[in-house]
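Below is one structure, written out as structure tokens, with a few remarks after it.
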Amino acid sequence: MDNAIEVRNLVKRYITYERKGFLTKVKRIVEALKGIDFDVKRGEIFGLLGPNGAGKTTTVKIISTLLLPDGGYAKVLGYDVVEEASEVRKVIGVSLSVERGFFWKLTGRENLKYFGMLYGLDGERLKKRVEYLLDKLGLKKLGVADKLYEEYSLGMKARLSLARALLLDPEVLILDEPTLGLDPPSARALREFLVKLAHEFNKTVLVTTHNMFEAEMICDRVAIIDEGRILSIGSPRELKLKVADNMALEILILPSVATNLDKLVEVLREKTDVTCSMISDVNGYRLKLIVPPNRVEELTSISVRLLHKLGCSVRRVEVKEPTLEDVFIKITGKKGF
Amino acid sequence: MKMGKIRTLLKSGILLDLYFLKNNKSNLIAMLIWPYLMLGLVVGMGFLFGSPSAFKRNIGLDINPIAYFVASTVVMMASISVMWEVGGNVLFLRWLGILPYVIVAPHRMSITLVLSYVPRYLFFMFIQVVEFLPLLVLLEGVTAGVIKTLIMLLAVTVGMLPLLGFSALFASLLLMVKEESNILNWLNPIVLIFSGALYPTSLMPYWMWLVSRVLPTTYTVELARIIALIGSPQLAPITFLIGILMGLAVVYNILSYMLIGAGEKRAMKRGII
């Protein structure tokens with residue numbers, strides 16, 4: 001079985017009541033998920049990327065066995081999240097909110113011990129696991145393992161939340177916005193830890209986020225979700241290529257004294273058949289070619305050969321791809337307020 | 001469910017309470033003075049309406065009113081405690097954002113809620129009953145004081161059994177609704193009224209009396225009264241009430257085991273976990 005998580009045609013509707021008067025309410029049905037499909041492979045970090053209200057948390061809660069779907073199914077390691085919820089619970093670790101979910105009057109260590117026991121760990125095994133996680137997540141190093149949870153910063157709470165998700169050493173981790181509100185160093189530390197978990201310890205990580213940078217940094221594959229529908233799935237690079245009409249190929253050159261710069265641009269235009277411009281740079285000259293994504297490699301090699309022939313030394317070649325944010329905006333069509 | 005799992009679940013409850021007490025000294029002090037505060041309130045209120053001799057005259061027995069109120073206070077506090085703690089625990093966990101992590105534990109939620117609460121109940125009740133021992137010895141002598149204390153311990157332990165299931169039913173009801181605190185606020189006093197805690201069930205309209213018969217708290221209230229009058233030997237009714245409580249324990253715990261799953265499912269369907 002290659003897939004750790006399998007989601008097919010998942011549907012979820014919420015019934016809400018809107019108050020219209022003192023005694024009258026109007027029933028409203030909100031379609032949170034409109035039949036989504038995706039798979040998460042074993043050992044990969046899969047990101048659910050979407051704006052607020054897109055259906056990310058609903059999806060995560062269904063996969064975590066905390067919410068019942070109205071249609072379709074989801075499986076974790078082959079276990080159905082509705083029919084075999086107890087089996088699913090044995091193989092997942094969940095972190096839903098980094099801000100809440102612990103006893104405020106207990107220390108980090110005490111909280112972990114309590115949840116460890118609740119999850120069936122005991123004795124030496126529990127003690128070892130708690131110490132290991134406090135150490136791995138840096139809470140010992142920060143000197144806060146024995147501080148009350150109410151004194152924790154958001155970054156420390158996030159670490160503790162991840163530690164709890166890892167108590168049973170689960171194969172699949174389900175994390176809802178794990179870096180939300182964290183300062184950059186804490187967010188980076190957490191991201192690095194997640195990558196290590198997936199790539200060194202072969203854990204499958206399903207993570208939701210609306211942080212494009214984060215998704216690009218850590219996710220092997222990403223699904224863009226909006227208004228209860230998956231709009232696109234692929235690796236960050238695949239998604240970028242999908243939406244990119246053109247890419248910028250930038251070549252930093254040092255021309256020889258004899259090189260006619262105007263002619264150089266003209267020849268490049270002629271040979272490559274793409275838009276080409278040149279600006280001076282403190283380190284030399286920067287040539288910019290606007291190239292279609294499927295011809296990046298071909299045109300890079302033609303240009304470099306040509307530049308050498310014309311007596312230029314090529315210092316650096318850069319392909320400027322669109323960011324995941326560009327992809328997201330293009331796919332969802334959302335530009336903000 | 002395996003014994004090992006039950007043991008760790010019970011231990012998790014003990015651990016949680018020990019941590020709370022260790023980290024909250026004021027909580028510990030409050031726990032220790034709470035029974036005497038309650039007793040003071042009950043006795044004080046009682047004296048507002050009449051003297052100790054008038055009390056003896058009214059109930060027709062030669063007993064110390066304070067000893068009487070000790071017993072009724074303990075048993076009533078135990079009943080309220082079970083209902084509030086098991087039912088209220090769901091709210092507490094939901095407010096703290098802990099409920100999802102309890103649900104993803106590999107036990108049924110009803111079992112987690114009930115079993116992790118049992119050690120806390122037994123521990124706090126034991127402390128509170130034993131706290132009254134010196135007072136009872138002072139008022140009634142060593143033998144009577146110790147006997148009354150032991151019977152009170154038995155009563156609060158047996159009385160707990162049906163209340164656990166009853167309160168878990170409460171918990172499932174709380175799970176299903178959104179404005180949960182309102183329910184706990186009005187349901188608890190109503191249960192106490194129907195149980196005859198404030199007004200004898202024998203004087204209630206017939207339909208209220210019928211309802212009172214299915215409430216376990218009715219029998220714990222009666223047990224409290226009998227224990228309070230233990231100066232005159234009444235072991236037969238105590239045994240009878242304990243029998244009823246045991247029977248109700250079976251019924252309510254089976255019902256709660258079945259229904260809390262339905263409550264959990266409904267909450268999970270509506271997305272209010």
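Readers should treat all values here as calculations from the given coordinates under stated rules, not as data from a laboratory. Because the structure is predicted, anything quoted here is derived from the model rather than measured. Glycine gets a Cβ as well: all are built from the backbone with ideal geometry, and neighbour counts include every protein chain shown.
Couple of notes before you dig in:
- Percent RCO, i.e. relative contact order, over the stretch A:6-105, from Cα pairs under 8 Å lying at least 6 residues apart: 28
- Averaged over peptide A:81-88, the number of partner chain Cβ atoms lying within 10 Å of each residue's Cβ comes to 1.
- Whole-number D in µm² s⁻¹ for chain A, Kirkwood Cα-pair radius fed into Stokes-Einstein, 20 °C, 1.002 mPa s: 93
- Divided by 2.2 N^0.38 Å, where N counts the residues, the Cα radius of gyration of the stretch B:1-143 comes to 1.32.
- Fraction of the pair-distance distribution of the stretch B:117-221 above 24 Å, Cα-Cα pairs, percent: 40
- Packing, taken as the mean count of other beta carbons within 10 Å per residue, orders the peptides A:177-190, A:45-58 from highest to lowest as A:45-58, A:177-190.
- Cα-projected label distance for B:Ile254 with A:Val314, points at 7 Å along beta-carbon direction, nm: 8.2
- Note on the protein assembly as shown: dipole from Cβ charges, positive end direction compared against A:Val7, A:Phe22, A:Ala198; the farthest Cα belongs to A:Phe22.
- Beta bridges per DSSP with both ends in chain A, % antiparallel, nearest 5: 75
- Relative contact order, whole percent, for the stretch A:3-242 stands at 28, derived from Cα pairs under 8 Å and 6 or more residues apart.
- Among A:306-319, B:69-82, A:283-296, sorting by the average number of other beta carbon atoms lying within 10 angstrom of each residue, highest first, gives B:69-82, A:283-296, A:306-319.
- Shape of the stretch A:246-320, Cα gyration tensor, a/c cut at 1.5: prolate
- The charge dipole of the stretch A:246-320, taken about its Cα centre with unit charges on the Cβ atoms of Lys, Arg (+1), Asp and Glu (-1) only, comes to about 120 debye.
- Listed residue (B:Val158, A:Ser153, A:Thr208) projecting farthest to the positive dipole end of the protein assembly as shown, Cβ model: B:Val158
- Nearest-20 debye value, the stretch A:119-177 charge dipole, Cβ charges on Lys, Arg, Asp, Glu: 220
- Size of charge dipole - the stretch A:3-242 - debye, nearest 20, with Cβ of Lys, Arg +1 and Asp, Glu -1, no other charges: 420
- Fluctuation leader among B:Leu215, B:Leu153, B:Leu16 - chain B, Gaussian network, Cα springs under 10 angstrom: B:Leu16
- Averaged over peptide A:57-68, the number of partner chain Cβ atoms lying within 10 Å of each residue's Cβ comes to 3.
- Packing here is the average count of other Cβ atoms within 10 Å per residue, and on that basis the peptides A:132-144, A:262-274, highest first, run A:132-144, A:262-274.
- Between helix B:25-49 and chain B there is an angle of about 40 degrees, using the helix long axis and the longest principal axis of the Cα atoms.
- Counting only alpha carbon atoms, the long axis of helix A:123-136 and the longest principal axis of chain A meet at about 30°.
- Base-10 log of normalised Debye intensity for the stretch A:128-183 (one unit scatterer per alpha-carbon) at q = 0.19, 0.23, 0.24, 0.27 Å⁻¹: -0.67, -0.95, -1.01, -1.19
- Across peptide B:93-104, the average count of Cβ atoms from other chains found within 10 Å of a residue's Cβ is 6.
- A compact globular protein would have a Cα radius of gyration near 2.2 N^0.38 Å; the ratio found for the protein assembly as shown is 1.33.
- Exposed trypsin sites (Lys or Arg not before Pro) absent - longest run of chain B, DSSP non-H/G/I/E/B, at most 10 other C-beta within 10 Å: B:3-177
- For chain B, the convex hull drawn through the C-alpha positions has a volume of 147 cubic angstrom per residue.
- Principal-axis tilt of helix B:118-140 within chain B, Cα atoms, nearest 10 degrees: 10
- Most mobile listed residue (A:Ser161, A:Ser256, A:Ser95) in chain A, GNM with C-alpha springs under 10 Å: A:Ser256
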